[in-house]
Amino acid sequence: MDTGLTTIPEADIEKYRATAQSMITRVVVIEDSARESGTALAGTNRRFVSTVSPGSVRKTREVELSKTVGSVRPDDQLMSIVQHTLLYRARRGIAIALAVSDVFSRAGELESLQAKNTRAPLEGDEAARFKKLLSAAAYVSAFAFASYLLQLIDADGEAPNDIREPDFLFDTPQDALKSMVAGLDGALAGAKADIDLALRARSFARVAIDGLLTRKGRFDGLGGFDSAHIRIDADDFTLDGFDVAPGKRSKPLVMTFKKPDEVIGNHIAKYQSVKLAKMLMAYDFDKQMNPFVELGGFLFTFIGDGAPGTGKTTLIQMIAGLVNGYCQVAGYPFVYENFGVDQISSYQGKSGQNCRQFIDNVLNPRAIGFGTVDDIDQVAAKRSDDRASAGQHEITGVLMSAFSGAMTVIRGNCSFGMFSNYPENVDDALRQRAGARWLVDGPQTREDYIDIFVLLAGKNHKIDLGDHKLYAAQEIQRAVSEAYESYAKPHEDGLMQVYERFTRDKGQPKTLADVGTYLHLIKEAEPRFTGRAIKNVTDAIKMRAMDIELPEDWFEKPETFMHKTYDDKKAMIEELRGPFDMDMVMQEVNRYADSEFRYSDRADDAAVEKLLRDARLRERAAREMEDMKKKGLWNA
């Protein structure tokens, strides 16, 4: 089956509406009356199943789901909103499940076998294969129906412990759905009020999915449905193969947010984080474009590196907090997701799917998104690393394609940040897809250390502050100006040698040709300084040209800026921007090139340290071996 996104036309769903309506009105099912005990096992949702067969006692039962739902409020002829919504979801879910089974049929040979069977009954191997595929289609339809209920029914509360599995039938898709309707009817029969209906329906969906997954191994005709991606936009319903919780619906963001004044040091990273949060809010939902993308300077991807404990997590919390606050003012949906090592799967292809889902969730053009990949060096492997898992290599490929691939479309509604303590271990090509480099080095000066100690110590004391102006060093504009000016010359020794050689021959750069010459000298010293690196540098320069402080009052009321039209936003931003100069150019070249030299030096240092450690171990082993020989303990 095609592993791309499959959308089902509304017409394919609507053709099953009458069938779905008849199923929620009245169906006749055959059930095994002695299949399960009526007593639940203590502390579980499961029931005792006798190992002694009482015989094949089966009986028919009429199921009228609409009457069962209506009986919750027998004194009112008109259904409540909760009752009506539940019935509508059940009918819609049945229609979608039948449409999904059609997709499954068309992806394999079931559709052609059905056509053959219509003309003349199948025999032999074809008949057996037809029955196997029909059962698989029935299984898929049951799973799709349960998944639909689980995703589309909202309910909060403690799940009841008397929900039983349906008496699954897998003869045909319609038989499977009839058994699911009967199971849902049985689950709802215990409802005492409207509030119980949604909770019991959702609990039934979860129990049904658990039961279906335990039976999955019985079906060998499921083909590639495991890797299918089906979406119904009208319902915001997503089916990703047989995921346990397919297409999890978004939940309110629960996170400890940090304010900019709670981030000590990291001045450039903090400054660009504040700018990024405001840039995202310039996104226009009607045009699905951001003026900063058109004008230049939008930060789609960045990488932050620094030693452990320097503030990378705090930076993430600050960005997410700022964007979340702005979105609440504007009434925009906000999506934050982190992709970590827990999403690396042992199943082939699953890690790549998880990463693709993470990317798609953040890219969603109907929301403002911020995605992070913490400890990127552990999550994504270097392509030359044979010791890394297949899942890590899959993730590297997906991230490279998503961040700067042939099909990458940057709308300006989201940004991705990669963070690492050891960026030299990240694949070179993936690292160069980060449009900006943030050195997260934490507090550096005496003033920084006083500020961070006072901040973290709290106020439960009467100790005098002393001769210090609290947080004066954290005034972002002054601190950033000083930080940028420090990059008039390189920081790394390797790049400093290139810079000194250039200025000795050419003097201070005055023209674009001088800048190009300097870039070429850097390329000769550091082969990884490629054309993509030049693009990242020029993007950073454009961002500096857009180094404008969007007024804070633009974000206090949505109508001031955020709810204006795209053209109005663009005009307001254009009024604030100015041209870039040679100082900006050299600062950004040195900042970016510094990072490449820093990564190379750290990688070389790590390799040298390993060789030294191995040499010390060999010498120690030789000494211990000689001592053992002298004592007669060496038996080689």
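The values are calculated or read from the model by the stated rules, or taken from the named source; none is laboratory data. The structure displayed is predicted, hence computed values, not measured ones. Cβ coordinates were reconstructed from backbone atoms using ideal geometry, including for glycine residues, and neighbour counts include every protein chain displayed. Quick note on the areas: whole protein, heavy atoms, side chains included, nothing else; ligands and nucleic acids left out. Shrake-Rupley method; radii C 1.70, N 1.55, O 1.52, S 1.80 Å.
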Task: Relative packing of peptides 624-635, 161-172, 457-468 - highest average C-beta neighbours within 10 Å first - done: 161-172, 624-635, 457-468
Open item on the list: How high is the relative contact order of the chain? Use alpha-carbon pairs under 8 Å, at least six apart in sequence, and give a whole percent.
Closed with: 12 percent
Open item on the list: Output the 0 to 90 degree angle, nearest 10, between the alpha-carbon long axis of helix 493-506 and the longest principal axis computed from the alpha carbons of the chain.
Closed with: 50 degrees
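Per residue, how large is the accessible surface of region 411-545? Use a 1.4 angstrom probe and give square angstrom. Present the calculation step by step, with values, prior to reporting the outcome.
Numbers: 7190 Å² over 135 residues.
In whole numbers, region 411-545 has 53 Å² accessible per residue.
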Open item on the list: Skipping prolines and chain starts, which residues have an amide H placed within reach, meaning under 5 Å, of the one on Thr372, given they are 5 or more residues away or on another chain?
Closed with: Glu337, Asn338, Phe339, Gly417
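Beta carbons within 10 angstrom, averaged per residue: use that to sort the peptides 442-455, 353-366, highest first. Numbers along the way, then the final one.
Working: 442-455: 16.4, 353-366: 19.1.
Going from most to least packed, we get 353-366, 442-455.
Sorted by average packing, counted as other Cβ atoms within 10 angstrom per residue and highest first, what order do 519-532, 106-119, 419-432 take?
Numbers: 519-532: 15.6, 106-119: 14.1, 419-432: 20.9.
Per-residue Cβ counts within 10 Å, averaged per peptide and sorted highest first, yield 419-432, 519-532, 106-119.
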Task: Per-selection Kirkwood Rh - the chain (Cα, Å, 1 d.p.) - done: 29.3 Å
Open item on the list: If the reach is capped at under 23 angstrom between alpha carbons, list the lysines near Lys569, excluding any in the same chain fewer than eight residues apart.
Closed with: Lys275, Lys278, Lys287, Lys542, Lys557
Task: the chain: antiparallel DSSP beta bridges as a percent of all, rounded to 5 - done: 35 percent
Task: Charge dipole (region 109-217, unit charges on Cβ, about Cα centre) - positive-most of Gly124, Tyr139, Ser112 - done: Gly124
Task: Accessible carbon and sulfur surface of the chain relative to its total accessible area, %, 1.4 Å - done: 51 percent
